[in-house]
Structure formats: structure tokens, C-alpha cells
Ligand code: PFF
């Protein structure tokens, strides 16, 4: 396979951090995290989630970025270079497949978010006065094939345009504009939430743990969420790491990405629960929290129209910076390993992703009764990728770095760019070794068994 003479790289370290944080921060933080926390007991769940992030997600994130930076390749190319064994190359291939599958349904939900910017701006939320009617409106919209598919297509086009322009001019430039905007909107919404009368009940819900709500299942859900939110297990961070310079410090970058991602999840929790409690709504309604409950919440708060629009812009930006990382994994493979032009890969795979997403979009209307293993096509894609492919990918990546490629190879590469850090704190390396070899694979294995219904 002919290799390209020059491969793109990030223009700056900040560019990498913002792009990687953009991949991490998405629907998982703003849509999923609050409702999962709400369903699993609030603060106690959040503490366990934070522990999972530190103990498992951080070591795996380091491993993924490390493989990418060392090989400067996409997931398939990276495993080919480090091992060459068909099994490990297939692990890279599984990541690319997962990227393709996740994007196909992720973009459907992201399309709803785009559509809700218009709903909010045209004052539609004011037509309902209770959750029932707001939920029914959501059902009407998702049952409307034209509405569903049009916003899904619009979102895919936005994603494709950014990836089309490449690593520096598309992804990095887009992230440098969108991520600061995202933080700004989040802070404005947080101030709005905190200044609502009755906000303290929401804060109490997220920061005052009720330990009795914790069960074995909570730990497993928290771990699954930690994986999804950090885009781990399918080579997105590996691919972004592959555009990183050998001079950059991987451990510090990984910690920065984690801090940004966690802050966004926690602040989103504050935004949503202060508003939900202040307006007397219920916190544990599940996935409908954002599309059923929040519209009502906005109509009940001063300045609700403005803040409603702002909220769905926030959600759409977060989704877009994640979607570009999903498409980039697929595109990078065809550019690196198949020598395709980036433009061609983007157009062809953007289009295929759209095709694969159509049955997901139709799962809320024409295909609602079409079930495979008892799940709609949308739910099946979600379950297959988030609960099986990602944890399995994470498990195999940690086994690969800890045991197959081996620490003798991994450690010198990890030290590159981080010499000062590891000279000062050599124990950090020892901790990483224990976590990547033992903790991460064993705990992820348990999550996987749980997802498959075995435990
Ligand atoms: N991390 C994203 C979120 O929290 O919404 C989802 C995601 C993006 C998962 C990219 C995996 C991925 F490769």
C-alpha cells in the first residue's frame, strides 16, 4: 500500500485538545448524562461515574491516544503496524464499523436537536402546558417522516462539510470556533439555572448523595456512560491522536480532555436539574427529559424563549463536534490505507451513513413495529454499538497495550513529550501499568457480561 508522503497534523496543541474535547462532549453529556444520573439516584451515581472515569476511562484514553500518536495511522493501519496479526487488524476494523453505525443513529437524534432550535425559536413550546402535551408533540414530530429525515440530512451535510475541509482547516478550525461558543452558552445557561427560585433543590439532587440508590447495576451503567462520553473503544481518540505531534504531552492532554468533558456533564446536570426542580417537574423521566420536560421548563421560566433557543444550539454544537470525529475515523481509514482522496471518502461515506440512518429515523414512524431481537432498528444500532462494540473495543485496546504490544514498547512512546512529568512523578507510570493491565480489562469485561444479560 503506497503511503502518503505527508499526513496532516493538528496546527497546535490547543487545536488537538479542543477537537478531542469536542468529540467527547456531545449528546452523551447533555442529553444522556443528566437523565441517566436522574434515573440512578443523582449524586451517588455521579460519584461512582467520576471514579469510573479516573480508574478506567483515563488509562484507556491514554492507551488509545498513544497507539494513534505512535503509529500516525487510522485504527486499522495502527494495529497493522504494531501487530500485523489479522485478529488485531480486525479490532481496528470493528472500530471503523462502530464509527459508521454510531454516526448513523447519532445524527438522527442530532437532527431532532436542530429541529428543536426552530421549534424553540418559533415559540412552539408555549403551545403546551404539561409534559403530556409536550411529549405528544415530540411524538408527532418524530412520527413525521419528512421532519425527521430532513433534519437528519441537514445535520449529516453539516458534518460532511467540516470533515471535507480536512484536519486543520475543517475539524480544528470548526472546533476552535464551536467549543468556546459551547462553553459560553453553557455558562450563560448555568447562571440562568442557578438564579431561578428553587434552584437549590436541583443542586441538592445532584450534589447530595443518596447511597441507598446504588446497586451493582448502577456501577455498570456508570462505566458504560464513562466510555461513551469519552468516545472510547472505537478508535476516535486513536485517530485524533494520530494527528498529534510526538512533542506533545499525552498524559496532560488526556487529563485536560477529561476535565473539560466532566465539567460539561456536571454543568449540564446543574442547568437541567436547577430548571427542572425550580419549575416543579420530575427529574427521573428518562430519555424524554430533554425533548419532553425541558420545553415545558422553558415556558415556565423568565426569558424561556431565548434560553430555549440557546439550549438547543448548545446541544446541536456538542453533537456536531462529536459527529465529525465519528466520520473522521471512517474517512481516515480510506485516506490512509486505501489511498483515497479525502473529498471522495467524505462524500461516499457521508452518503452511506445517511442511508444506514434512514431505518433508524423511520424507527419512530413507518418502522416502529419492525423489531429485531425485540428492538427497533434505532434501538438495535444504539445497543449494539454503545453496549457491545464500544466496551469490547475498550477491553481489547487495554489488553493489546498491556499484554500484546507490551509495556516495553508502550512506555518509551508514552514518555515522549512527557519526560518532565514522569521524571518528577515516576509512580504515575506504575499506576497506569496496573490499571491498563488489570483494572480496565477486568471491569470492562464485567460491563460487557452485564450488557449481554449474562450477569
Ligand atoms: N462522546 C460522544 C458523546 O458523549 O456524545 C459520543 C461519541 C462520539 C462516542 C464519538 C464515540 C465516538 F467515537
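Descriptive notes on the structure:
- All conditions in (1) exposed (fewer than 15 other Cβ atoms within 10 Å of the Cβ); (2) assigned to a helix (DSSP H, G or I) hold for residue 197, with the sole exception of (2).
- Set 233, 280, 288, 269: member being more than 16 Å from the ligand (Cβ to nearest atom) and either assigned to a loop (DSSP other than H, G, I, E, B) or buried (at least 23 other Cβ atoms within 10 Å of the Cβ) (or both): 280
- Looking only at segment 353-367, and only at residues there that are free of Cβ contacts under 8 Å to residues at least 60 places away in the same chain and in a loop (DSSP other than H, G, I, E, B), the one that is farthest from residue 148 (Cα to Cα): 367
- Residue match in segment 172-188 (condition: more than 16 Å from the ligand (Cβ to nearest atom), farther than 30 Å from residue 419 by Cβ, modelled with pLDDT under 90 and crowded, with 16+ Cβ neighbours inside 10 Å): no
- Where a residue in segment 135-147 is closer than 9 Å to residue 292 by Cβ and its partner, wherever it lies, is exposed (fewer than 14 other Cβ atoms within 10 Å of the Cβ), with Cβ under 8 Å and at least six apart: 137/127
- Residue match in segment 333-354 (condition: under 30 Å from residue 125 (Cβ atoms) and either within 16 Å of the ligand (Cβ to nearest atom) or out of contact with any strand residue (DSSP E or B) (no Cβ under 7 Å at 6 or more places or on another chain) (or both)): yes
- Among the candidates 411, 436, residue that is more than 16 Å from the ligand (Cβ to nearest atom) and surrounded by fewer than 20 Cβ atoms within 10 Å (Cβ to Cβ): 411
- Taking each residue of segment 324-341 that is without any contact (Cβ under 8 Å) to a residue 60 or more places away in the chain and looking for partners that are part of a helix (DSSP H, G or I) with beta-carbon atoms closer than 6 Å, six or more apart or interchain, yields 334/345; 340/334.
- When 260, 223, 238 are checked against the criterion of being at pLDDT below 95, within 16 Å of the ligand (Cβ to nearest atom) and assigned to a helix (DSSP H, G or I), 223 stands alone in meeting it.
- Flag for residue 323 being within 16 Å of the ligand (Cβ to nearest atom) and in a helix (DSSP H, G or I): yes
- Elements of type helices (runs of 4 or more DSSP H) in segment 380-455, at least 2 residues being under 15 Å from residue 228 (Cα atoms): 390-399, 440-451
- 2 or more residues at pLDDT below 95 and crowded, with 22+ Cβ neighbours inside 10 Å: qualifying helices (runs of 4 or more DSSP H) within segment 1-116: 33-39, 43-52
- Just one of the listed residues (396, 407) is within 25 Å of residue 86 (Cα to Cα) and touching a residue at least 60 places away in the same chain (Cβ under 8 Å), namely 396.
The values are calculated or read from the model by the stated rules, or taken from the named source; none is laboratory data. It should be emphasised that the depicted structure is a prediction, and the values quoted were computed from it without experimental measurement. No Cβ is skipped: glycine too gets one built from the backbone with ideal geometry, and neighbour counts run over all protein chains shown.
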